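Each remark here refers to the structure printed beneath this line.
The values are calculated or read from the model by the stated rules, or taken from the named source; none is laboratory data. The structure presented is a predicted model; accordingly, all values stated were derived computationally and were not measured. For neighbour counting, all protein chains shown are included, and Cβ atoms are generated from backbone atoms with ideal geometry for every residue, glycine included. These area figures cover heavy atoms from the full protein model, side chains too; ligands, DNA and RNA do not enter into them. Shrake-Rupley method; radii C 1.70, N 1.55, O 1.52, S 1.80 Å.
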Amino acid sequence: MNLKKLLLLTTLLSLATVSQAQSISPAQIERFKNLPRAQQEALAGQYGVDLDSFTGSSQSGQQRPQNVQVVEPVDNGDQERERAQKQKQEEEKLASKNKGLKPFGYDLFAGSPTTFAPVTEIPIPANYTLGPGDVLQIQLWGKDNQQLELPIGRNGTISFPDSGPMTLAGLTFDEARQLIKQRVSEQYIGVQASVTLGELRSMRVLLLGEARNPGSYTVSALSTITNALYVSGGIKQTGSLRNVQHKRNGELVGTLDLYDLLLKGDSSGDNRLQPGDVIFIPPVGKRAGIAGEVYRPALYELDDERTLQELINLAGGLTPQAYPQLVKIERTNDEYLRIIAEADLTTAAGKRARVQPGDHITIASISDITGQYIEIKGAATRTGRFAWVPGMRVSSVIKDLDADLTPVADKRYAAIVRSDPQSDQVSVLNLRLREAINNPGSSADLPLKEEDQLLIFSDAGKVAGGEEGGNFTRQSLFAPVLRRLKSQASPGNPRQTIQISGPVRYPGEYPMPESRKLSDAIFVAGGLKESAALYQAEIARHQTGEDGIGFTRILKVNLANAINGTAPFRLQSRDRILVKSIPEFDRTRIVTLKGEVRFPGEYTVSNGETLRDILKRAGGLTDNAFPRGAVFTREKLRQLEAQRLREAEERLQGDILGVQLEGNDIAGQSAERTEQLRGLLEDVQSSKPVGRMVIDLAAVINDEDYQPIRLQNGDTLTVPEIPQAVTVLGEVQYPTSHLHTEGLTVEDYLERSGGPTRQADSSRVYVVKADGSVMLPEKSRWFGGSSQQLKPGDTIIVPIDVDRLNQLELWTNVSQIIYQMALGAAAVGNL
């Protein structure tokens, strides 16, 4: 041992002192390698030798081969997304061709591989064959304790300390473990060994054909066919799941039927791979589709399955809702036409029915509940079908009005829709719901028959906007019943429906009450409103004369007697009931009095009452009232003025556009005209309609021959105080109000306002009197000389010269606008 160490020291010293490469004998290297790892590191550190470079340059045959990344991921995210999107579209197109059925089994490999690293998280079997690149982990304990990691080199050997190389490649893991234990027991006294596999070697395999991502992959030495398929992303829907081929050196080693794995958990065909193996996925084989009441509706690839029962077994079998006596088979015949065949799975012949490629098989469902039930619809807490037993009544299913009905339910009325099993015709029974539930077993608590429908309606007074109860109105729940009643009508059996209109809570069309009483029809419609006239109703009845021509007969009925039962009246098919309203029942006319009225306020007036009448009720005018300036407005007139203003605004906008299209002249007059017209337009847009009607309030009060003014709802009378000013508006230098002076004329007031501007139209000056009337000029430059004198509250209007603005027919438009503005200004100025 001392001699060996001396030789190794000499070797290390020579390596440490010589800078250039020298020839070192393999025997020296082998002696150094046989030392324990700890001694190698201590000697190398002591003499400054790079142990890794030394062993790396000399042990190429023993070092574990480095993994080579066969497949390097490429960052082409956009291309991958585009390819995935295209593949998804193709799969959806395939599903649409097969009535929504998707091929079975391909979701097993859905998604993309998360990494290209070898798969190593696999248990190691005892029969695993060792090869270059595998790493053995050996733990020695006893007299000498060591932890060794020995890779199998490319020459198939490991270098065991103090023992020399051992050839392990080609041996199974169990054989290698026994061989190592034997050598340790023979060469190391008092030492025992535990052998496990560390890092496994990697290998390259090829996935070709209809793989989702075909190519070369690096996988673990323990990988099987399915491991490689997972790494590659799986199989496209155009590839076969039942004939995955495993090839080695150009020859077929075996095939894998993934249906065995998916449906039976059988992995016996999932062979272990070796370096260079090829997994080839051929195109998909013949397919048949199955839909309906099976557990796994899908398109299935056929192999040995030839009968209908075998295909159903692939689909997981029939569900409890399946109707095996009717199986529909769509297939293509020899003439390439789609035909329909049927099979009965309750017979042996039906189970043996042949399945052909391209068949589309549908397993029908059993019928819905066909008997022994009653059904509740509408505003009930629990709706749906419930078991029916003989003797059942309404109170058997609705026991508590609060607990069994929703808060919006109408607790007064419900309906029972009954179908005659012999004639299949429906009839409707009216139910006084509250009376039935409060008195179980009484005549009001109607017996229920098999397949009856109990309709619970909502109460419109309890339903807020958007609540679910709005769907349970009489109109919505009765709609299918009315269609059924109309469809079953015939010449000998007229349709049993009626219509009711007028002041009832729920006017509309209803099934004929079984009693045919008018009182029951009104009860079905929710009862009468308070505005209903009880003394007279009309029944429009359709009849056919002896000549075969139809006509309508109007019948008058005392509604109060009909409801009380003292005047029996039977309804007939298609009767139209009109409940009349009390005239003027809910019509209220409100008139407002403002200003200098003895008792101003809002007054309710009766039909035909006049302005003079309401002023008397209000105590007349005060001593400070100015009746000549009273403003009387009416809502209908205000709406009419608003419409006229909108029309004038539209025409004025058109005229502005026309001036702009004419273009500018040399002096720029078109631009000036446009600006002035826009000013007019702004005035019009800012004007608010008043709805004033010109009246002589003094005459209304004092003159018995003055035309009476009948009041309407919304009328307003405003009586101002006695004014002291005359107002000048429009195209003057200083539009303002002047203190009224007796004897001054229009010309005098215009001069006090600085006179007209150069845009003024002097020939069209006019005066709006305090009462709203208009005084037009006569034959003077201003106003007939000085003869026309003004009074307090009058307004002088100087209009713009529209002829200067545009030679088109603009005067009518602007004059109407200015007139409206003048009236509004006068009204505001006088209040």
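Worth a mention:
- By average C-beta atoms within 10 angstrom, highest first, the peptides 138-146, 709-717: 709-717, 138-146
- Span from the the stretch 482-507 Cα centroid across to the the stretch 365-444 one, whole angstrom: 22 Å
- Accessible area, probe 1.4 Å, largest first, for residues His246, His542: His542, His246
- Ligands, DNA and RNA left out, the 1.4 Å accessible surface of the stretch 690-764 is 45% carbon and sulfur atoms.
- Linear extension gain, Val191 paired with Asn333, 0.36 nm per residue minus alpha-carbon span: 43.2 nm
- Accessible surface of the stretch 210-353, 1.4 Å probe, proportion on carbon and sulfur as whole %: 48 percent
- Among the trypsin sites (Lys or Arg not before Pro) in the stretch 534-604, those located in a DSSP loop and surrounded by at most 15 other Cβ atoms within 10 Å of their own Cβ are Arg587, Arg598.
- Taking each of Lys93/Lys264; Lys99/Lys264; Lys102/Lys236; Lys580/Lys636; Lys399/Lys462 in turn, the alpha-carbon distance tops 24 angstrom for Lys93/Lys264; Lys99/Lys264; Lys580/Lys636.
- Asp547/Ser501 FRET efficiency (R0 35 Å; Cβ-Cβ; nearest 0.05): 0.70
- The stretch 321-366 shape via C-alpha gyration tensor axes, a/c threshold 1.5: prolate
- Computed from point charges on the beta carbon alone (+1 for Lys and Arg, -1 for Asp and Glu), the dipole magnitude for the stretch 378-498 about its Cα centre is near 300 Debye.
- For the stretch 729-766, GluC sites (Glu not before Pro) meeting the loop criterion (DSSP other than H, G, I, E, B) and having at most 10 other Cβ atoms within 10 Å: Glu742.
- For Gly292, residues with placed amide H under 5 Å, excluding near neighbours: Ile363
- Counting only protein heavy atoms and using a 1.4 Å probe, the accessible area of Lys97 comes to about 150 Å².
- Net length gained if the chain between Ser443 and Arg248 were fully extended (0.36 nm per residue, minus Cα distance): 61.3 nm
- Mean-position separation - Cα centroids, the stretch 623-642 and the stretch 173-213, in angstrom: 111 Å
- Qualifying GluC sites (Glu not before Pro) in the stretch 523-597, DSSP loop, other Cβ atoms within 10 Å at most 14: Glu530, Glu546, Glu584
- Shape call, the stretch 426-554: gyration tensor on alpha carbons, a/c limit 1.5: prolate
- Expressed as a whole percent, the accessible surface of the stretch 479-538 that belongs to carbon and sulfur atoms is 50, based on a 1.4 Å probe.
- Shape of the stretch 218-273 from the C-alpha gyration tensor: rounded (a/c under 1.5, with a ≥ b ≥ c the square roots of its eigenvalues).
- Per residue, the accessible area of the stretch 351-451 comes to 53 Å², computed with a 1.4 Å probe over protein heavy atoms only.
- Where labels lie 7 Å past Cα in the beta-carbon direction, separation of Arg483 and Tyr323 in nm: 2.2 nm
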